[in-house]
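Novice: Have a look at the structure that comes next, please.
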Amino acid sequence: MREDDTPPGTAPCAPGRLPLLGHLLPLLTRPVPFLQSLADHGPVVRIHLWHRPVHVLTDPELVHRLLVEDAAKTEKGFVFDKARGLLGNGLFTSEGAFHLRQRRLVQPAFHRDSIHRYAALAARLAAAAVARWEPGRPAPIEPRMYELARDIVLEALFATRPRLAQKARIDRAVPVVLTGFVQRALYPSPLLEKLPVPANRRFDAAVRDLRTVVDEIVAQAAARHQGQDPDDTLLSLLLTARDEETGLAMAPAQVRDEAVSLLLAGTETTATTLAWLFHELARHQDLQDELSEEVRAVAADGAVFPGDLPRLERTGHAISETLRLHTPNWILMRRAVAPLQYDGVLLPPGAETLFSPTALHRSPKLYPDPLRFDPERWRRPGNLARPRLFIPFGAGRHKCVGESFAWTEMLVVTAAVLARLRLRLATATPLRESATAATARPRGPLLIAEPR
Ligand code: HEM
């Protein structure tokens, strides 16, 4: 049968399917353009990853149905099956009634009062980080943003700073783990995971080490709490949370899994967004000056208080535009657990689906001149009132639990940087994106920071 000769009720197959590999090559080598190109073939398009058929949704209304209206008929899918086995059953990987219960337990840690406390610690750490940057020396921005985001999440989670050696172990493990679990989900057979090759050994060691180091830090914090009033950290809230129905505390292994989930979900995402934002501002000096003025009108030294954040309106637009054009989670997925029907295509239980928030955010039908970095578009009426079309934090029951935390952190860090420094590109090398397993990162010119 020809690929476009699609029987009723089934989705058309994307062109370019290779024997054995299916569509793996374009997905791995040019993921975002490939997923974007699928919109030309219909709202539901079938691709193959090895032997596994996966349905790609290219229409935002269908994505909304999948995430929100049909949430109870889905689970997270094959990549998360793999992640759960390796990283435990924290919020990021858990499903169903267990996930809802855990979400209710974790959510209070992200209420407004707690977020205000995290804002103060983000401001302190950002100011210290900015003071350490060497003026005039070209340097990549991503590692700086990663270290800062990692420190902010670690301190918000655990209060006292983990020992340097523990931090170094976390830094070694996180990138290997984040890339490795997606790679493993794409192996054609689980037997390949057992091969004693360096990549498998490195990955297994990183998973072990991440769990051990988080166990150690949880134990240190739990010992500190014993007999004392709990402090205001996320970890304290996890340790003292009680299930509404049973009154039971979380098992220590579950506390560890939640901490691992928050650490993994909350570090690279904000770090990548901030790195893209600073690259874009280095390319758009007028905009950078405008935002710097806005920040300094609110706080001359850049140390903004949580109550001031709504006044950073233009800075907020620039962050929204970064989340649109450079959405960190370029791919999300779900699996049907009950029959679904989208645009006449039947998805039986077990059918895997995926979609790319980045591809939707770059659709010319939704965002004119989509590849242009244009924070002005967030000033136009209507854009912010279209939550179905703008989903950097997902939607529905798995929507990012750290969204307000992330927004606060990104505004506070941006203010700290722009009040004190001017950023410019060290060379004219074009900015590129490299979509790793977990996030789409900037690759491009080094940045130079100069005092303002
Ligand atoms: C710019 C920053 C961030 C972005 C773009 C982002 C994006 C997302 C997205 C798209 C999801 C949904 C995944 C899905 O539906 O499969 C998600 C879930 C999640 N995020 Fe974030 N995130 C960010 C920051 C954070 C931070 C700072 C934390 C914690 C401190 C965090 C913790 C989580 C957790 C635990 C989940 C799983 C929620 C659940 O399934 O109930 N994220 N995030």
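The values are calculated or read from the model by the stated rules, or taken from the named source; none is laboratory data. Just so it is clear, the model here is predicted, and its values are computed rather than measured. Note: ideal-geometry Cβ built from the backbone for every residue, glycine included; neighbour counts use all protein chains shown.
Novice: In this structure, does residue 102 turn out to be assigned to a helix (DSSP H, G or I) and surrounded by 20 or more Cβ atoms within 10 Å (Cβ to Cβ)? Step through it out loud before you land on a result.
Specialist: Numbers: assigned to a helix (DSSP H, G or I): yes; surrounded by 20 or more Cβ atoms within 10 Å (Cβ to Cβ): yes.
It is true that residue 102 is assigned to a helix (DSSP H, G or I) and surrounded by 20 or more Cβ atoms within 10 Å (Cβ to Cβ).
Novice: Follow-up. Pairs under 7 Å by beta carbon, first residue under 16 Å from residue 173 (Cβ atoms) in segment 188-205, partner part of a helix (DSSP H, G or I) and at pLDDT 85 or above, six or more apart or different chains?
Specialist: Listed by first residue and then by second, the contacts come to 202/176; 203/176.
Novice: Further, regarding this structure: Looking at segment 83-106, which of its residues are near the ligand (Cβ under 9 Å from one of its atoms) and polar (S, T, N, Q)?
Specialist: 93, 94, 102
Novice: Of all residues in segment 102-116, which are touching a residue at least 12 places away in the same chain (Cβ under 8 Å) and over 18 Å from residue 211 (Cβ atoms)?
Specialist: From segment 102-116, those touching a residue at least 12 places away in the same chain (Cβ under 8 Å) are 102-110, 112, 114-116; that's our starting set.
Hits for segment 102-116 are 103, 104, 105, 106, 107, 108, 109, 110, 112, 114, 115, 116.
Novice: Given 144, 150, 103, which one is in the same structural domain as residue 241 (by TED's automatic domain parsing), closer than 19 Å to residue 255 by Cβ, charged (D, E, K, R) and within 18 Å of the chain's Cα centre (by Cα)?
Specialist: Numbers: 144 fails: closer than 19 Å to residue 255 by Cβ; 150 fails: closer than 19 Å to residue 255 by Cβ.
One residue alone meets the criteria, 103.
Novice: Might you let me know whether segment 339-346 holds any residue that is polar (S, T, N, Q) and either in a strand (DSSP E or B) or not assigned by TED's automatic domain parsing to the domain that holds residue 60 (or both)? Walk me through how you get there before you give the answer.
Specialist: Residues of segment 339-346 polar (S, T, N, Q): 341.
From what's left, either in a strand (DSSP E or B) or not assigned by TED's automatic domain parsing to the domain that holds residue 60 (or both): 341.
Looking for residues that are polar (S, T, N, Q) and either in a strand (DSSP E or B) or not assigned by TED's automatic domain parsing to the domain that holds residue 60 (or both), one finds at least one in segment 339-346, hence yes.
Novice: Out of the residues in segment 300-350 that are of a type in the set (D, E, K, R) and closer than 30 Å to residue 275 by Cβ, which is nearest to the ligand (Cβ to nearest atom)? Spell out the reasoning first.
Specialist: Of all residues in segment 300-350, those of a type in the set (D, E, K, R) come to 301, 308, 311, 313-314, 321, 324, 334-335, 343.
The next check asks that each one be closer than 30 Å to residue 275 by Cβ; those that pass are 301, 308, 311, 313-314, 321, 324, 334.
Working: 301: 25, 308: 20, 311: 21, 313: 18, 314: 18, 321: 13, 324: 11, 334: 8 Å.
Filtering segment 300-350 for residues that are of a type in the set (D, E, K, R) and closer than 30 Å to residue 275 by Cβ, the one nearest to the ligand (Cβ to nearest atom) comes out as 334.
Novice: Across segment 351-367, which residue is farthest from the ligand (Cβ to nearest atom) among those that are under 30 Å from residue 414 (Cβ atoms) and within 20 Å of the chain's Cα centre (by Cα)?
Specialist: 362
Novice: Condition test on residue 188, is it at pLDDT below 80 and assigned to a loop (DSSP other than H, G, I, E, B)? Spell out the reasoning first.
Specialist: Numbers: at pLDDT below 80: yes; assigned to a loop (DSSP other than H, G, I, E, B): yes.
Taking the combined requirement at face value, the residue satisfies it.
Novice: Of all residues in segment 164-187, which are without any contact (Cβ under 8 Å) to a residue 12 or more places away in the chain and basic (Lys, Arg)?
Specialist: none
Novice: Any residue in segment 89-101 that's farther than 17 Å from residue 241 by Cα: show its pairings with residues that are outside any helix (DSSP H, G or I) at Cβ separation under 6 Å, as long as the two are six or more apart or on different chains.
Specialist: What qualifies is 95/75.
Novice: Looking only at segment 13-39, which residues are touching a Leu at 6+ places or on another chain (Cβ under 6 Å) and assigned to a loop (DSSP other than H, G, I, E, B)?
Specialist: Matches in segment 13-39: 14 only.
Novice: Let me ask something else. Residue 153: within 13 Å of the ligand (Cβ to nearest atom) and under 18 Å from residue 258 (Cα atoms), yes or no? Outline the logic, then answer.
Specialist: Working: within 13 Å of the ligand (Cβ to nearest atom): yes; under 18 Å from residue 258 (Cα atoms): yes.
Yes.
Novice: Looking at 238, 164, which one is within 16 Å of the ligand (Cβ to nearest atom) and hydrophobic (A, V, I, L, M, F, W, C)?
Specialist: On inspection, the qualifying residue turns out to be 238.
Novice: Answer with yes or no whether residue 84 is outside any loop (DSSP other than H, G, I, E, B), more than 22 Å from residue 395 (Cβ to Cβ) and either in contact (Cβ under 8 Å) with a residue 12 or more places away in the chain or not β-branched (Val, Ile, Thr) (or both). Before the answer, list the steps.
Specialist: Values: outside any loop (DSSP other than H, G, I, E, B): yes; more than 22 Å from residue 395 (Cβ to Cβ): no; either in contact (Cβ under 8 Å) with a residue 12 or more places away in the chain or not β-branched (Val, Ile, Thr) (or both): yes.
No, not satisfied.
Novice: Could you please find all residues in segment 45-98 being among the charged types (D, E, K, R) and closer than 27 Å to residue 344 by Cα?
Specialist: Answer for segment 45-98, where residues must be among the charged types (D, E, K, R) and closer than 27 Å to residue 344 by Cα: 46, 52, 59, 61, 65, 69, 70, 73, 75, 76.
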